[in-house]
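Everything below concerns the one structure shown next.
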Amino acid sequence: MVNAALGGSLSILALGGIYFWLSSSTPIEEQVTNNSPSASVEMTNDESIDANINTQDITVASPEVVATLKTDLLTSEYIAVGAVPTETAADIQEPSDIEKMVTVSHGDTLMSLLVTAGATRSEAHGAITALTDVYSPRKIRPGLDIALTFAPPSAPVTEEQAKERNVGPLRAMQFQPSVERIVKVSTTEGEDSKYIAEEIQRPLTMRMARSTNEITSSLYLAATNASVPNDIMIKMIRAYSFDVDFQREIQKGDSFEVVYEAFYDEDGNLARTGEMLYGRLNLSGDDLQLYRFTPSSGFTDYFNEKGQSAKKALMRTPVDGARLSSRFGKRKHPVLGYTKMHKGVDFAAPRGTPIYAAGDGVILRANRFSSFGNYIKIRHHSGYETAYAHLKGFAKGIRKSKRVRQGQVIGYVGTTGRSTGPHLHYEVLFNGRQVNPLGVKLPAGEKLKKADLKKFKVEQAKIDKIIEELEKPAAIAKLETN
Ligand SMILES: [Zn+2]
């Protein structure tokens, strides 16, 4: 969700559950000077699909621009990088402020950090008290960079004193808790100088971005080569994970397309990404399209062009980043050595990898179960059950009779019971009998009806229009002649 507190000349319009930033100062000229080779357009207003939303200010950026993901604090003009070496007093006529950069580690308190950097306890206390007005020091997390400004020491520092303190009073402290927010504590001028805190909002401009590529080996590689930001890639893989077995179904010559929100700072750097609006996977000539939409239930989801939810009642692969290591069917047992029916599929994954409930349901058991080790069985609707074996342990609160939602973490990959290494043994049962989780026809998820379907068609037309504009190579030429 976008931060409504952003300043600047921005306004927000809700557009079918998706928020668009519309800016009167969208830097179209900047786009042109980028010499961006791909789509960058000014949207035209189309009354037929878009009666009340003015889309003319939506601009789009090329994947090349998106590649320069930059969220660092150092783009700010207020601070300098690293510690400035303390010059000897003899060398300087007018002593300048001393800048230091400290990084929060585990176990640090803001007080300990400031004091270690050279502030007195009283200065640190003053700065922290002021900070509390705009930002809770408790929210500071390891990894955060904090820029500190000290006055120069008032007198030449002897070697002995330098061990204690080689700086003057703490003048300022600044950090960036998120890409849109800079927090700054500084001292007031004059006799009774005190610390004051302020919050600086960096206005971000949203533009639509589109990436597409042919898949030669894996979707991951194809998306990486097309500079698809990581969190968009994760969203795309999640959205398709119900339908597509990424291990088996991706063939050479397949392709993907993804359209998503990209938020840029004032320097034109990608600050963060927003939602994935649209995805298209072309697998062996079949187009699998997904549109983001929020039906009246309030649960945003991806739907195909017919308004059918991408979600299935059960997930085929209830663990991320796993490698299918053993299929369903007859096989030589890896431990016992004789041929035996393998009544599930095995996914090799690092120990501790989270395991998801494959669908909504009720836990039938979550305990140790002979050769299965730590074991969970869930009952779903329509006669389906799923089972998970060899777990390292159970997620908090997972026990018999507990209700779980699809995608909820229920346990972690391990190698308990009769097992040769960390993996998940996963079974799908239909009317009490194990079926092949990869082959079984899964019950479908929600299909949009009536008013929802009508609203979806409007949203779909809007997204199609955006894609059409993003695809136009003529768009740049048009801008350049302006
Ligand atoms: Zn197994």
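The values are calculated or read from the model by the stated rules, or taken from the named source; none is laboratory data. Worth saying up front: this structure is predicted, and the values here are computed from it rather than measured. Ideal geometry is used to build each Cβ from the backbone, glycine not excepted, and the neighbour counts take in all protein chains shown. Protein only, heavy atoms only, side chains kept; ligands, DNA and RNA dropped before computing areas. Shrake-Rupley method; radii C 1.70, N 1.55, O 1.52, S 1.80 Å.
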Note to self: Return the pair list, or none, for Cβ contacts closer than 8 Å from residues in the stretch 375-398 that are open to solvent by 40 Å² or more (accessible area, probe 1.4 Å) to residues that are within 16 Å of the ligand (Cβ to nearest atom) and hydroxyl-bearing (Ser, Thr, Tyr), at least 6 apart or on different chains.
What the structure shows: Lys377/Thr386; Lys377/Tyr388; Lys392/Thr415; Lys392/Thr416
Note to self: Of everything in the stretch 285-333, what is within 21 Å of Lys450 (Cα to Cα), of a type in the set (Asp, Glu) and at pLDDT below 90? Give them in sequence order.
What the structure shows: Asp301
Notebook entry, point to check: Val167: assigned to a loop (DSSP other than H, G, I, E, B) and buried (at least 19 other Cβ atoms within 10 Å of the Cβ), yes or no?
Noted result: yes
Margin query: Six or more apart or on different chains, Cβ atoms under 8 Å: show the pairs whose first residue is in the stretch 340-358 and farther than 17 Å from Lys377 by Cα and open to solvent by 10 Å² or more (accessible area, probe 1.4 Å) and whose second is away from the ligand (no atom under 15 Å from the Cβ) and at pLDDT 90 or above.
Written below: Arg351/Lys392; Arg351/Tyr412; Gly352/Lys392; Gly352/Tyr412; Thr353/Tyr412
Notebook entry, point to check: Which residues, taken from the stretch 296-333, are crowded, with 18+ Cβ neighbours inside 10 Å and over 20 Å from Pro422 (Cα atoms)?
Noted result: Asp301, Tyr302, Phe303, Gly307, Ser309, Ala310, Lys311, Lys312, Ala313, Leu314, Met315
Notebook entry, point to check: What about Ala322, is it among the hydrophobic types (A, V, I, L, M, F, W, C) and within 14 Å of the ligand (Cβ to nearest atom)?
Noted result: yes
Next item on the list: Looking only at the stretch 389-428, count how many residues are part of a loop (DSSP other than H, G, I, E, B), more than 13 Å from the ligand (Cβ to nearest atom) and among the small types (Gly, Ala, Ser).
Entry: 4
Item checked: Residues that are surrounded by fewer than 21 Cβ atoms within 10 Å (Cβ to Cβ) and under 21 Å from the mean Cα position of the chain (by Cα), drawn from the stretch 274-293 -> Glu275, Arg280
Item checked: Complete set of residues in the stretch 367-384 that are closer than 25 Å to Lys311 by Cα and more than 16 Å from the ligand (Cβ to nearest atom) -> Ile378, Arg379, His380, His381, Ser382, Gly383, Tyr384
Notebook entry, point to check: Is there a residue being assigned by TED's automatic domain parsing to the domain that holds Pro350, closer than 24 Å to Val244 by Cβ and at pLDDT 95 or above anywhere in the stretch 462-471?
Noted result: no
Item checked: Residues of the stretch 179-216 satisfying the condition of being touching a residue at least 24 places away in the same chain (Cβ under 8 Å), open to solvent by 30 Å² or more (accessible area, probe 1.4 Å) and of a type in the set (Ser, Thr, Tyr) -> Tyr195, Thr212, Thr216
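Residue-by-condition table, conditions (1) touching an Asp or Glu at 6+ places or on another chain (Cβ under 7 Å); (2) part of a loop (DSSP other than H, G, I, E, B):
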| residue | (1), (2) |
| --- | --- |
| Glu198 | no, no |
| Ser211 | no, no |
| Thr224 | no, no |
| Arg238 | no, no |
| Asp243 | no, yes |
| Ile250 | no, yes |
| Glu257 | no, no |
| Tyr260 | yes, no |
| Tyr278 | no, no |
Notebook entry, point to check: Counting only residues that are closer than 18 Å to Ala209 by Cα and among the charged types (D, E, K, R), how many does the stretch 220-275 have?
Noted result: 9
